Every structure is written in C-alpha cells, then in structure tokens.
1. Can you check what the net charge comes to around Thr36, using other residues whose Cβ is under 13 Å from the Cβ of Thr36 (Lys, Arg +1; Asp, Glu -1)?
2. What translational D, rounded to a whole number of µm²/s, comes out for segment 91-131 from Stokes-Einstein when the hydrodynamic radius is the Kirkwood one over Cα pairs, at 37 °C and 0.692 mPa s?
3. Just grab the label-to-label distance for Asp97 and Lys74, each label 7 Å out from Cα along the Cβ direction, in nm (one decimal).
4. As an exercise, use a Förster radius of 35 Å and the Cβ-Cβ distance of Ser40 and Thr120 to find the FRET efficiency, rounded to the nearest 0.05.
5. List every residue whose amide H lies under 5 Å from the amide H of Gly49, counting only residues 5 or more places away in sequence or on a different chain, with H placed 1.01 Å from N in the peptide plane.
6. Report the trypsin sites (Lys or Arg not before Pro) located in segment 31-113 that are in a DSSP loop and have at most 16 other Cβ atoms inside 10 Å of their Cβ, or state none.
7. Expressed as a rounded percentage, what relative contact order does segment 57-131 have, with Cα pairs under 8 Å and six or more residues apart?
8. Quick one: Cα centre-to-centre distance for segment 51-81 and segment 91-131, in angstrom?
Amino acid sequence: MSRPADLRFRATTAFQRRVGNPVLRRLPLQTVLETTGRTSGLPRRTPVGGRRVGDSFWLVSEFGERSQYVRNIKADPRVRVRIRGRWHDGTAHLLPDDDPVARLRSLPRLNSAGVRLLGTGLLTVRVDLGT
C-alpha cells in the first residue's frame, strides 16, 4: 500500500473507531453489522451502508481485507445485520471477484460516495439473511 493510502487508512479508521462508529451504532435506524471478534469471541458492531435486495444484504468494505469486520468474517462468517431497527441473522460472503465500484452504484448514494472517496482496496460483501 502506498504511503498516502496508508495515511488515509490510518486517519479514517482512527476517526471511525473513536468518533463515528460509537455515535452511529447507537442511532436506532442506522444499519449495523455484528460480527464475532476473531480473538475475543465478543460481538463487534460496525455501522455500515448497504442495501437489502431480497434475502441478501449488500455492502462494500472501504478497506477490504484490512477492515476488522472483514477479518472477523473470514474467521466466522455468521453475522447479524440490524436493518431499520430489526436484527437479522445471516452468513457473510466476501466477493473479491465482484466489481465493488459498480456495486456501489446500486447502494445508497451518500455512503457510496464516502466509500469511493476514502476507501482503498474495496471489497464487496454479501450477507445471506435467514441462514
């Protein structure tokens, strides 16, 4: 990863971890992805932007495999997603062959713009709900 991309990753994740995520995950209508911590075994909740399509929830990770929730999914793909205040069990799938930029065009505009602007190493994630 280039130095500017690494600095962007560090600055963005520090802000998200200390400011953005603690506030957003408390908002009742914010979509939240809950994974199981790969080391601690504790639930880890991350606000995400994405869209439900049928029985699947789609999102794009802005830092791909460097994202903690992606690393947790690799260790245990069983997740929960809170959509419009309601929790859904699911199984997450990492889709490195999917075109994340094209996928972002079908997801909520504001979040997609932020992911495109700040992200490096985009990765599509599909959660099959009810599994």
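1. Working: positive: Arg38, Arg44, Arg45, Arg71, Lys74, Arg78, Arg80; negative: Glu34, Asp76, Asp89.
Charge balance near Thr36 sits at +4.
2. Values: Rh = 11.0 Å.
D = 299 µm²/s.
3. So the label points at Asp97 and Lys74 sit 1.9 nm apart.
4. Numbers: r = 26 Å, r/R0 = 0.75.
Calculated transfer efficiency: 0.85.
5. none
6. On the way: sites: Arg38, Arg44, Arg45, Arg51, Arg52, Arg66, Arg71, Lys74, Arg78, Arg80, Arg82, Arg84, Arg86, Arg103, Arg105, Arg109; in loops: Arg38, Arg84, Arg105.
Those satisfying the criteria are Arg38, Arg84, Arg105.
7. Details: 120 pairs, mean separation 37.8, N = 75.
After rounding, I find 50 percent.
8. Using only Cα atoms, the two centres lie 9 Å from each other.
Every read-out reported here was derived from the displayed coordinates using simple, explicitly stated rules and does not represent laboratory data. Here the structure is a predicted model, which is why all the values come from computation and not from measurement. Heads up, the Cβs are rebuilt from the backbone with ideal geometry, glycines too, and the neighbour counts pull from every protein chain shown.
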